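Asks: Provided herewith is a single structure, encoded as structure tokens, for subsequent inquiry.
Bear in mind these aren't lab numbers, they're just calculated from the coordinates by the rules spelled out. Nothing here was measured: the structure is a model prediction, and the numbers come from that model. Every residue, glycine among them, receives a Cβ derived from its backbone with ideal geometry; neighbour counts consider all protein chains shown.
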Amino acid sequence: MRVDILTLFPDMFSSPLRESILGKAVERGLIQIRTINIRDFTSDKHKVVDDTPYGGGQGMVMKVEPVARAIESVKSQNSDVWTVYLTPQGGPFNQDLARRLSTHPHLALLCGRYEGIDDRVRDLFVDEEISIGDYVLTGGELAAMVVIDAASRFIPGVLGSDRSAEEDSFFNSLLEYPQYTRPFEFRGCCVPEVLLSGNHSAISSWRRKEALRRTWMRRPDLLVKANLSEEDKKLLEEIRGSKDD
Ligand code: 4FV
């Protein structure tokens, strides 16, 4: 997966993409990440990238020309690039979207600043708008990092040979079951016995039940779109039943 990041702050990406799993994935060439400074595509000596909004109002707006030239510089190298604009007005980012983005060989992530980018950029160049959440950031850079991190986990080899992102939380849209490791007892809190039983079918039904319980308690909205088996529905009845006594 190749990712071109269009930003006014390329240095923001240096360390997050150098550490840990993502850093190793870049080293191993599983993902190629390049930052493109939009300011390099200004044509005036003061390298101006923003201006006051037409119609008045607070703040500044990113000018269309530098952004357009920056995007065209990427498209001139590969016209199949899929251009994503990170914005609160975008569609909600989630695991399914992360998986779909990971199937694009070449992504361009456009990071806004100030009040946003001149809307003509959307019409002329943007294939998809994505929001990482209903809150306002100072810039799209952190959102771009979130998207790169979540999508990269679907690239074969990024999570290591035996791991695949297919088993994670939100896999068939349930929250993950509780995890434990040594020590068995900590300050009087013990690990559920079943996990030390070696009885794999008991362990997996315990995990399934806890994933259902946690999802029912915390994210009942996810249960609605989960494809639950008859076994799951029986477990949920037990959970609902146990809740009432
Ligand atoms: C954002 C979000 C976000 C809006 C104004 C950048 C900021 C500033 N991006 N998901 N939430 N962007 O808040 O993606 O230009």
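Asks: What ³J(HN,Hα) values, in whole Hz, does the Karplus curve 6.51 cos²θ - 1.76 cosθ + 1.60 give for region 39-52 when θ = phi - 60°, with x put for Gly and Pro?
Replies: Each residue of region 39-52 in turn: 5, 5, 10, 7, 10, 9, 5, 8, 6, 6, 10, 9, 7, 6 Hz.
Asks: Here's a follow-up. Which log10 I(q)/I(0) values does region 169-244 give at q = 0.12, 0.15, 0.20 Å⁻¹ under the Debye formula, counting every alpha carbon as one identical point scatterer?
Replies: Log10 of I(q)/I(0), two decimals: -0.37, -0.57, -0.92.
Asks: Calculate the length of the line joining the C-alpha centroid of region 23-61 to that of region 76-135, in whole Å.
Replies: With region 23-61 and region 76-135 each reduced to a Cα centre, they are spaced 14 Å.
Asks: Moving on to the next point. Which lysines, if any, have their Cα less than 28 Å from the Cα of Lys225, not counting same-chain residues under 8 positions apart?
Replies: Lys209, Lys233, Lys234, Lys243
Asks: Using +1 at the C-beta of Lys and Arg and -1 at the C-beta of Asp and Glu, which of Leu236, His200, Gly188 has the Cα lying farthest in the positive direction of the dipole of region 169-244?
Replies: Of the candidates, Gly188 comes out farthest on the positive side.
Asks: Could I ask something else about it? How do Ser173, Ser229, Ser201 line up, fewest other C-beta atoms within 10 Å first?
Replies: Ser201, Ser229, Ser173
Asks: Turning to a different aspect of this structure: Quick one: compute a quarter of the convex hull surface over the Cα atoms of the chain and quote it in nm².
Replies: Values: hull surface 74.7 nm².
With every direction weighted equally, the projected area is 18.7 nm².
Asks: Along its principal axes, what span do the Cα atoms of region 43-152 show, with the longest given first and each in whole Å?
Replies: For region 43-152, the Cα spread along each principal axis is 39, 34, 22 Å.
Asks: Among bridges DSSP assigns within the chain, what percent are antiparallel (round to 5)?
Replies: Values: 5 of 27 bridges.
Expressed as a percentage, antiparallel bridges in the chain total about 20.
Asks: Taking loop as defined by DSSP and a crowding limit of 11 other beta carbons within 10 Å, which chymotrypsin sites (Phe, Trp or Tyr not before Pro) in region 1-60 fit?
Replies: Tyr54
Asks: Another question about this same structure. Roughly how big is the chain's charge dipole about its Cα centre, with Cβ charges of +1 (Lys, Arg) and -1 (Asp, Glu), in debye to the nearest 20?
Replies: Value, rounded to 20: 480 debye.
Asks: Long-range amide H contacts for Arg2: which residues qualify at under 5 Å (H placed 1.01 Å from N, peptide plane, sequence gap of 5 or more or a different chain)?
Replies: Gln32, His106, Leu107
Asks: Sticking with this structure for a sec: Expressed in nm², what is the orientationally averaged projection area of the convex hull enclosing the Cα positions of region 84-141?
Replies: 4.0
Asks: Let me ask something else about it. Take every Cα pair under 8 Å in region 1-150 that's 6+ residues apart, average their separations, divide by the length, and report that relative contact order as a whole percent.
Replies: Reported as a whole number, the value is 30 percent.
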